[in-house]
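Asker: Just passing along the structure, written as structure tokens.
The values are calculated or read from the model by the stated rules, or taken from the named source; none is laboratory data. Because the structure is a prediction, the values reported are computed rather than measured. Cβ atoms come from the backbone with ideal geometry, glycine included; neighbour counts cover every protein chain shown. Keep in mind that these areas ignore ligands, DNA and RNA; they rest on the heavy atoms of the full protein, side chains included. Shrake-Rupley method; radii C 1.70, N 1.55, O 1.52, S 1.80 Å.
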Amino acid sequence: MDSLLIEGGIPLRGTVKVSGAKNAVLPILCSSLLTEGTCTFSNVPALRDIDTTAALLRFMGATVELNAPIVTVNTGSVRVPEAPYDLVKQMRASVLVLGPLVARFGRARVSLPGGCAIGARPIDQHLKGLEAMGATITLDHGYVEATCDRLRGATIYFDMATVTGTENLMMAAALAKGRTQLIGAAREPEVEELARVLNKMGARVDGAGTDIIHIDGVDTLHPIEHAIIPDRIEAGTFLIAAAATGGDVLVENVVPEHIEAVCQKLRAAGVYVEREERGMRVRSAKSLRAVDITTAPHPGFPTDMQAQHMVLMAIAQGTSVITENIFENRFMHVSELQRMGAEIEIRGRSAIVTGVSKLEGARVMATDLRASACLVIAGLIAEGQTEISRVYHLDRGYEKIEQRLSALGAKIQRVTDRNA
Ligand code: EPU
């Protein structure tokens, strides 16, 4: 297992270009199951989750050529509409094949994802929606089995805004007979991006980006070429890393509207964040102020930026309250930050962070993707050396992170444990 060694205390300076959005690519690769023929996607990052999705599509019989940033997928030869446990346990987003498989083949067998480090994360909303569209759902030895003749349009009320739930049902509805309405849908930019892709394929999706989406089902969809939007969470992570280290960084390839909630909080903390022609420039203030956040579905403050904001608050002046409303267990980074000298107390769904003048390097362990990003930022600002183990979490969502941070002046290197 690899670890990262970081020598802290160096302000980041320079320019960094944001990669394509992981959470947009994953459903889009799955949407290729709705077509026969070759889809070509560009601006695809080289990430472990993309490798896992490719492995999953190949398991089913698809041909996938991964040549980041270009990926081609041909699902014409898919014969096994199944997502096995071994792949789903590596990446819960594998459940995104469920909707497209039932829509195209009339059957799917997908391992239940189970809980994960940040919460229980059930998929009841995905299943409820497919049942409303006429699928018969059974649970068998840890697998969801869905069958139907042809899905038919339905009106589905979500109990909560679910990103992959909305995506799964949007893909299923694209080939259903008649009109589907998704009410209380997730509004994330990745949902909008998937709708753009489906419409390019010939689907009739309207309203993505709002909480009511209409989909008029069509009989067939055709393959497309598409360039993926930039990753707003990666962009936000670089902005916070620059601000926390007292640096000056231009983050290129950003859609400013996608990260407005994060930028507003940075500005409230006293950080200079400006739109420039090529991206967002961040310059840190002399001193950082404490700013509260509450995570919420888009366009609110994203849960995927909560851990990174917390490390900034760990060295801000004053006390901030960070409330996590999306996942019930997304404070795993707190105990690691405490080992580095942060003053944080967890009270139910909130973390009370009292800023300290400095963090100290320590050996810490990454527990999930965004917690890992938070620990990297902590290592960049801490006094002395930080060693982060289990960085495979980071490789799921940040492309070549140590190389890109090194290019901004950070002292960071990957150490491969050859005995592991
Ligand atoms: N939920 C249910 N039942 C469902 C679906 C969701 O109870 O059927 C609950 C979840 O347990 C959670 C809330 O609803 O409490 C929202 O979960 P959502 O379904 O929106 O999460 P997701 O679709 O599984 C995606 C991202 C996550 C991101 C969340 C929230 C992908 C592949 N994953 O997950 O990204 O945190 O939306 O924005 O798009 C990450 O990239 O690090 C990551 C975890």
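Asker: Return a yes/no flag: does segment 341-359 have any residue that is touching a Gly at 6+ places or on another chain (Cβ under 7 Å), among the β-branched types (Val, Ile, Thr), more than 15 Å from the ligand (Cβ to nearest atom) and free of Cβ contacts under 8 Å to residues at least 60 places away in the same chain.
Answerer: Taking every residue of segment 341-359 in turn, at least one turns out to be touching a Gly at 6+ places or on another chain (Cβ under 7 Å), among the β-branched types (Val, Ile, Thr), more than 15 Å from the ligand (Cβ to nearest atom) and free of Cβ contacts under 8 Å to residues at least 60 places away in the same chain.
Asker: In addition: Being under 26 Å from the mean Cα position of the chain (by Cα), away from the ligand (no atom under 16 Å from the Cβ) and closer than 25 Å to Val249 by Cα is the requirement here; does Leu312 meet it? Explain how you work it out, then say what you get.
Answerer: On the way: under 26 Å from the mean Cα position of the chain (by Cα): yes; away from the ligand (no atom under 16 Å from the Cβ): yes; closer than 25 Å to Val249 by Cα: yes.
It is true that Leu312 is under 26 Å from the mean Cα position of the chain (by Cα), away from the ligand (no atom under 16 Å from the Cβ) and closer than 25 Å to Val249 by Cα.
Asker: While we're here: Against the condition under 26 Å from Ala161 (Cα atoms), open to solvent by 50 Å² or more (accessible area, probe 1.4 Å), in contact with a helix residue (DSSP H, G or I) (Cβ under 7 Å, 6 or more places away or on another chain) and not hydrophobic (A, V, I, L, M, F, W, C), how does Arg121 come out, does it pass?
Answerer: Details: under 26 Å from Ala161 (Cα atoms): yes; open to solvent by 50 Å² or more (accessible area, probe 1.4 Å): yes; in contact with a helix residue (DSSP H, G or I) (Cβ under 7 Å, 6 or more places away or on another chain): yes; not hydrophobic (A, V, I, L, M, F, W, C): yes.
So Arg121 passes the test.
Asker: If we scan segment 248-260, do we find a residue that is closer than 19 Å to Gly8 by Cα and not polar (S, T, N, Q)?
Answerer: Scanning segment 248-260, I find at least one residue that is closer than 19 Å to Gly8 by Cα and not polar (S, T, N, Q), so the answer is yes.
Asker: If a residue has to be free of Cβ contacts under 8 Å to residues at least 40 places away in the same chain and open to solvent by less than 30 Å² (accessible area, probe 1.4 Å) to count, how many in segment 204-248 make the cut?
Answerer: 4
Asker: Considering segment 185-209 alone, what residues qualify as being among the acidic types (Asp, Glu) and under 17 Å from Cys30 (Cα atoms)? Let's see the steps before the verdict.
Answerer: Taking segment 185-209 first, the residues among the acidic types (Asp, Glu) are 188, 190, 192-193, 206.
Hits for segment 185-209 are Glu190, Glu192, Glu193.
Asker: Within segment 1-46, how many residues are touching a Gly at 6+ places or on another chain (Cβ under 6 Å) and at pLDDT 95 or above?
Answerer: The qualifying residues number 10.
Asker: Sort out which residues of segment 252-276 are touching a residue at least 40 places away in the same chain (Cβ under 8 Å) and of a type in the set (S, T, N, Q), and write them in order of number.
Answerer: Passing the criteria: only Asn253.
Asker: Sticking with this structure for a sec: For Leu33, state whether it is over 22 Å from Val18 (Cβ atoms) and crowded, with 17+ Cβ neighbours inside 10 Å. Walk me through it before giving the result.
Answerer: On the way: over 22 Å from Val18 (Cβ atoms): yes; crowded, with 17+ Cβ neighbours inside 10 Å: yes.
In short, yes.
Asker: Oh, and also: Test Asp292 against the stated conditions and say whether it is at negative phi, open to solvent by 10 Å² or more (accessible area, probe 1.4 Å), of a type in the set (D, E, K, R) and within 16 Å of the ligand (Cβ to nearest atom). Explain how you work it out, then say what you get.
Answerer: Details: at negative phi: yes; open to solvent by 10 Å² or more (accessible area, probe 1.4 Å): yes; of a type in the set (D, E, K, R): yes; within 16 Å of the ligand (Cβ to nearest atom): no.
No: the conditions fail for Asp292.
Asker: Buried (at least 21 other Cβ atoms within 10 Å of the Cβ), in contact (Cβ under 8 Å) with a residue 40 or more places away in the chain and closer than 27 Å to Ile50 by Cβ: does that describe Arg104? Working first, answer last.
Answerer: Numbers: buried (at least 21 other Cβ atoms within 10 Å of the Cβ): yes; in contact (Cβ under 8 Å) with a residue 40 or more places away in the chain: yes; closer than 27 Å to Ile50 by Cβ: yes.
In short, yes.
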